[in-house]
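Peer 1: My structure is below; once you've seen it, I'll send some questions.
Laboratory data are not the source of any read-out in this text; all were calculated from the coordinates shown. This structure is a prediction, so every number in the text was calculated from the model and none was measured. Cβ placement follows ideal geometry from the backbone for every residue including glycine, while neighbour counts extend to all protein chains displayed.
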Amino acid sequence: MNFKILVSCHKKDIMATKAPYFPIHVGKELHKNISLGITEDNTGDNISIKNASYCELTGLYWAWKNLKGVDVIGLCHYRRYFDFHHQCRFLMPYTQYKTDQFDNIDLNIPKDILEKVSEGKIIVPRFKSYRVPLYADYCINHISDDFFKLKDVFNDEPQKYKDAFTKIMYNSNKLMHYNMFIMKWDEFDRYCTWMFGILAKVEAKVDITYYTPLQQRIFGYISERLFNIYIEANKLSVLHKPIIWFNDNPDVSKDMSMCKYIVRNIFDSMAMQFTKYHSSRF
């Protein structure tokens, strides 16, 4: 079985390079003077020039269009990896490590995990919860008009995607982040066909010329929501795994204790009940 786990990176840093990990330089077309000595996303059929707004998706697109004979495909980031060896704290969605601990962390993918993926299971991150529905979180932290343009695009989608959009964006406060996954190629192909199709329709409706660099990452943000919608719409079987995050400047406010994490999730769920709206109101 041929499997590859893309490692999205844009600068020289620590990264997993041993197979099945497959480092790819994303946004190479925007930084032709930088060479990382790894596969670059500006060859063959590519959208490398769009990296400022598509983020890691330019690497994903390159793999979709240019890799051949792959049975299982995944995506992680040069500082974020799935944990299969109980190196993250119990129940936590991620655990932060310093980069000087990189060589001591086991990033190997167990055979039984690959067997589960080959049987149709999709490896995904653990959920992060919010105190408001996901549509409200997006409107608060990003450009609200973009959300409603995305909603307009879903008006032309099959009913199962409309229903999943409502359930995920209006009736849920939980999100799988980072666009990270491991799945069979056939499912990956179906997902990319759908996801990049949706993004192209949204892209035709928005003008990001005057967006801040942060908000210009629009299609990276939207695709995180689309991944959750796709999983729900197609009733796919998933296996949640925590994320190992290598970070020399950890945000201690995010690296909370397990008790605090549990209490926060309970509070988030309670707050969600007071702030949840149905799509018919918008």
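Peer 1: So for Tyr210, Tyr230, fewest C-beta neighbours within 10 Å to most, what's the order? Working shown, then result.
Peer 2: On the way: Tyr210 7, Tyr230 21.
So the ranking, lowest neighbour count to highest, is Tyr210, Tyr230.
Peer 1: May I pose another question? Could you give each residue of region 192-207 its phi-based ³J(HN,Hα) in whole Hz, using Karplus coefficients 6.51, -1.76, 1.60 with θ = phi - 60°, and x for Gly or Pro?
Peer 2: Calculated HN-Hα couplings, in order: 5, 4, 6, 5, 5, x, 5, 4, 5, 5, 5, 4, 6, 9, 10, 10 Hz.
Peer 1: Something else about it: Summing Lys, Arg as +1 and Asp, Glu as -1, what charge do residues with Cβ under 10 Å from the Cβ of Glu232 carry, Glu232 excluded? Before the final figure, lay out the partial values.
Peer 2: On the way: positive: Lys160, Lys167, Lys235; negative: Asp163.
Summing Lys/Arg as +1 and Asp/Glu as -1 gives +2.
Peer 1: Sort the chain into rounded, prolate or oblate with this rule: let a ≥ b ≥ c be the square roots of the eigenvalues of the Cα gyration tensor; rounded if a/c is under 1.5, and if a/c is not under 1.5, prolate when a/b is larger than b/c, oblate otherwise.
Peer 2: Working: a/c = 1.41, a/b = 1.14, b/c = 1.24.
Since a/c stays below 1.5, the shape of the chain is classed as rounded.
Peer 1: Quick one: which residues, 5 or more positions from Phe181 or on another chain, have an amide H under 5 Å from its amide H? H modelled 1.01 Å from N in the peptide plane, none for Pro or chain starts.
Peer 2: Leu75
Peer 1: Just to be sure I follow: if Rg is taken over the C-alpha atoms of region 26-80 and Rh is the Kirkwood radius over the same atoms, what is Rg/Rh? Show your work: numbers first, answer last.
Peer 2: Details: Rg = 11.1 Å, Rh = 11.7 Å.
My calculation puts Rg/Rh at 0.95.
Peer 1: List Ser223, Ser129 from most exposed to least, where exposure is judged by having the fewest other Cβ atoms within 10 Å.
Peer 2: On the way: Ser223 21, Ser129 18.
Placing the least packed residue first, the sequence is Ser129, Ser223.
Peer 1: Non-local amide H neighbours of Glu40 (under 5 Å, H modeled in plane, Pro and chain starts lacking H): which ones?
Peer 2: His25
Peer 1: Which trypsin sites (Lys or Arg not before Pro) from region 68-169 combine a DSSP loop assignment with at most 15 other Cβ atoms within 10 Å?
Peer 2: Numbers: sites: Lys68, Arg79, Arg80, Arg89, Lys98, Lys111, Lys116, Lys121, Arg126, Lys128, Arg131, Lys149, Lys151, Lys160, Lys162, Lys167; in loops: Lys68, Arg79, Arg89, Lys98, Lys121, Arg126, Arg131.
The qualifying sites are Lys68, Lys98.
Peer 1: Under the 0.36 nm per residue contour assumption, what length would be gained going from the current alpha-carbon distance of Leu91 and Asp248 to full extension? Present the calculation step by step, with values, prior to reporting the outcome.
Peer 2: Values: separation 157, 0.36 × 157 = 56.52 nm, distance 2.25 nm.
Result: 54.3 nm gained on full extension.
Peer 1: Can you give me the long-range amide H partners of Ile5? Hydrogens built in the peptide plane at 1.01 Å from N, cutoff under 5 Å, separation of 5 or more residues or another chain.
Peer 2: Long-range HN contacts for Ile5: Tyr21, Phe22, Gly74.
Peer 1: Going by how many other Cβ atoms sit within 10 Å of their own, how do Val153, Val206 line up, fewest first?
Peer 2: Taking fewest neighbouring Cβ atoms as first place, the list is Val206, Val153.
Peer 1: Using the Cβ atoms and a cut-off under 11 Å, what net charge is assigned to the surroundings of Phe188, where Lys and Arg are +1 and Asp and Glu are -1?
Peer 2: -1
Peer 1: When the chain is treated as a GNM, springs tying every alpha-carbon pair under 10 Å, which of Asn108, Asn33, Asn179 comes out with the largest mean-square fluctuation?
Peer 2: Result: Asn33 has the largest fluctuation of those listed.
Peer 1: Which FRET efficiency, nearest 0.05, do Lys11 and Lys205 yield, Cβ-Cβ r, R0 30 Å? Mind showing how you got there, number by number?
Peer 2: On the way: r = 32 Å, r/R0 = 1.06.
My answer for the efficiency is 0.40.
Peer 1: What does the C-alpha gyration tensor say about the overall shape of region 109-165? Classify as rounded when a/c is under 1.5, otherwise prolate if a/b is larger than b/c, or oblate. Could you put the intermediate results ahead of the total?
Peer 2: Values: a/c = 3.52, a/b = 1.76, b/c = 2.00.
Oblate.
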